[in-house]
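Okay, structure first, notes after.
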Amino acid sequence: MKKIFVRGLLSVTLLLCSVSLLFGWGMYGHQHINHAAVFALPPEMRFFFYNHIDFLTEEATVPDLRKYTINDRAEGPRHYINIEGMETMPIDSLPRTMKDAKAKYDDKTLQKMGMLPWYIQEMMEKLTKSFKEKRKTEILFIAADLAHYLGDANMPLHTSLNHDGILTGQKGIHAFFEAQLPEYFGDSYNYKVNDAVYLPDVAAATWELVKHSNSLADTMLLIEKNLRATFNNEKMFKLDEKGDTVRNKFGLLTRSDEYAAAYHKALNGMVERQIRHAIQDAANFWYTAWVNAGKPDLSDLDPQELTKSNRKRYEKELKLLKKGQLMGFKVELEYSR
Ligand SMILES: [Zn+2]
């Protein structure tokens, strides 16, 4: 895409983006990511995190509530980065850390273009400090938020200037991909990932995942564009008895079951793969912060009775997770079936 074209459309795009609700993975995806990540942690962390798995699961969507419900203006740019709109390309030439980014760009640019990869690194520093000082509430709060931003980073359109497909005439694809598809098909995904691994270079790991996610943006847009060509409008959207297009709970148009199934199939597992990536990243980042904090003992942060009484549910969940499934929480759905 030509830079001049990109700049010309930038302000229009940002304006259009700001009026629709674009979450990251929807409530379904974010809650599944945070919940599943707990089981990839080593035992020294897992039982403490499991004691608070309900909090970690609910808190998964709070960064989006701060953005939309509370209307916190500082929150928005933490959820995305418009890679193609930055002054410097390719991705490898972008500043690695928040300090570098602040030295290079003014506040206005960062607000406009987003700061997701840099904010993830800031949250990592905060989480490491919380572990070091064994501040229980901070650990849980920051860990849950960090996993949200890692989730967003794994949603290809959160790294792209073409945030909601407007530049390519595909408005609405954002929520379709991140919320409607996981809600429709996510119950069959496999949520069991590998054991958490230590990340020796957090900045490098952050950029690696952002780069990978960004590389998928064109593909997922193109796949939908090709699919659109084979559907007429009447078949593309879900209609009610009166013939009006059904809207989700945030007023966004709902694609038809047929169209959703066709797109999901054409994506060939991309949604599930990216959600699994996000789960793995959340566990890896949490684990790395704990190691960098000197592996503090977390077992004395909760009363022994709590850990003991949670044991039964934990065993049940673990058994189910062996088959790739999760239990113990109910997501507030955005789309009706
Ligand atoms: Zn978000």
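The values are calculated or read from the model by the stated rules, or taken from the named source; none is laboratory data. Given the structure is predicted, the values throughout are model-derived calculations rather than measurements. For neighbour counting, all protein chains shown are included, and Cβ atoms are generated from backbone atoms with ideal geometry for every residue, glycine included.
Values as computed for the structure displayed
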item: All positions within segment 311-336 that are assigned to a helix (DSSP H, G or I) and in contact with a Phe, Trp or Tyr (Cβ under 6 Å, 6 or more places away or on another chain); result: Tyr314, Leu321
item: Qualifying residue in segment 76-83 (condition: more than 15 Å from the chain's Cα centre (by Cα) and within 16 Å of the ligand (Cβ to nearest atom)); result: yes
item: Given (1) within 16 Å of the ligand (Cβ to nearest atom); (2) farther than 30 Å from Asn233 by Cα, index of the condition Lys136 fails; result: (1)
item: Which numbered condition His52 fails, given (1) touching a residue at least 40 places away in the same chain (Cβ under 8 Å); (2) within 16 Å of Met113 (Cβ to Cβ); (3) of a type outside the set (A, V, I, L, M); (4) more than 16 Å from the ligand (Cβ to nearest atom); result: (2)
item: Whichever residue in segment 139-162 is under 12 Å from Ile81 (Cα atoms) and more than 12 Å from the ligand (Cβ to nearest atom) and, among such residues, is surrounded by the most Cβ atoms within 10 Å (Cβ to Cβ); result: Thr159
item: Condition check for Ile70: farther than 17 Å from Val210 by Cα, free of Cβ contacts under 8 Å to residues at least 40 places away in the same chain and of a type in the set (Val, Ile, Thr); result: yes
item: Among residues of segment 207-226, those that are of a type in the set (Lys, Arg) and under 14 Å from Asp164 (Cα atoms), counted; result: 1
item: Tabulated pairs, segment 235-260, first on the phi > 0 side of the Ramachandran plot, second among the small types (Gly, Ala, Ser), C-beta under 9 angstrom, 6+ apart or interchain; result: Gly251/Ser20
item: Contacts under 9 angstrom Cβ, first residue in segment 121-144 being farther than 19 Å from Ile53 by Cα, partner of a type in the set (Phe, Trp, Tyr) and assigned to a helix (DSSP H, G or I), 6 or more apart; result: Met123/Tyr149; Met123/Phe285; Met124/Phe285; Thr128/Trp290
item: Hits in segment 29-73 - residues which are outside any helix (DSSP H, G or I) and modelled with pLDDT under 95; result: Thr61, Thr69, Ile70, Asn71, Asp72, Arg73
item: Residue within segment 250-259 that is assigned to a helix (DSSP H, G or I) and surrounded by fewer than 20 Cβ atoms within 10 Å (Cβ to Cβ) present; result: yes
item: In segment 280-337, the residues that are under 30 Å from Leu239 (Cβ atoms) and loosely packed, with under 13 Cβ neighbours inside 10 Å; result: Lys330, Glu332, Ser336, Arg337
